[in-house]
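Reviewing the structure listed below.
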């Protein structure tokens, strides 16, 4: 039995959902998102809840049960509050600025890095050393944040680079004489 899959997904106020076959479409104040599940689960609408049940007792059906329920819940969270990743830049001379649809990063390279922000995600820089990635699609927000971090991942000796806010970087001791 899936502990996550057993719980129905409650729809908050201001959110409407339609279930047609294996496709769930959720509309809310921030936009519209949809998800198509595979044939191992059954999705149904009961009053103000979306219920996911497995078809049969196969291992794959039980695996998909909890995953599909989590995906449907992420749709409702995305259209109501959205998802957000906060990042911080550490290092002398390292900074970020947003110009239109391009994030300009100075990361110690001989050139400035221009990161094109994809559609569906908004990137802001409250300070020169902070980056905020926001959107209604959790996967897209996480992927954009990972792509930005990839330009200069934090190194273990001085801790310089782009890190997620609150991320712990294991520090190494340098060479001894």
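A few notes on this one:
- With respect to the stated conditions, residue 45 fails to be under 27 Å from residue 145 (Cβ atoms) and at pLDDT 90 or above.
- Residues satisfying the stated conditions in segment 147-168, i.e. in a loop (DSSP other than H, G, I, E, B) and surrounded by fewer than 16 Cβ atoms within 10 Å (Cβ to Cβ): 151, 153, 155, 156, 157, 158, 159, 165, 166, 167, 168
- Residue within segment 41-60 that is part of a strand (DSSP E or B) and closer than 20 Å to residue 135 by Cβ present: no
- With respect to (1) at pLDDT below 95; (2) touching a strand residue (DSSP E or B) at 6+ places or on another chain (Cβ under 6 Å), the lone exception for residue 101 is condition (2).
- Considering (1) under 30 Å from residue 28 (Cβ atoms); (2) surrounded by fewer than 15 Cβ atoms within 10 Å (Cβ to Cβ), the lone condition that residue 80 does not fulfil carries the number (2).
- In segment 79-111, residue farthest from the chain's Cα centre (by Cα) [restricted to those that are in a loop (DSSP other than H, G, I, E, B) and closer than 16 Å to residue 147 by Cα]: 107
- Within segment 13-32, being within 28 Å of residue 56 (Cα to Cα), touching a strand residue (DSSP E or B) at 6+ places or on another chain (Cβ under 9 Å) and assigned to a strand (DSSP E or B) holds for 17, 18, 19, 23, 24, 25, 26.
- Selection of segment 11-34 for residues being closer than 16 Å to residue 81 by Cβ and out of contact with any helix residue (DSSP H, G or I) (no Cβ under 8 Å at 6 or more places or on another chain) yields only 13.
- So residue 88, is it in contact (Cβ under 8 Å) with a residue 24 or more places away in the chain, in the same structural domain as residue 137 (by TED's automatic domain parsing) and touching a strand residue (DSSP E or B) at 6+ places or on another chain (Cβ under 7 Å): yes
- Residue check, residue 45 assigned by TED's automatic domain parsing to the domain that holds residue 132 and in contact with a strand residue (DSSP E or B) (Cβ under 7 Å, 6 or more places away or on another chain): no
The values are calculated or read from the model by the stated rules, or taken from the named source; none is laboratory data. All values derive from a computational prediction rather than experimental measurement. Methodologically, a virtual Cβ is constructed for each residue, glycine included, from the backbone with ideal geometry; neighbour enumeration extends over all protein chains shown.
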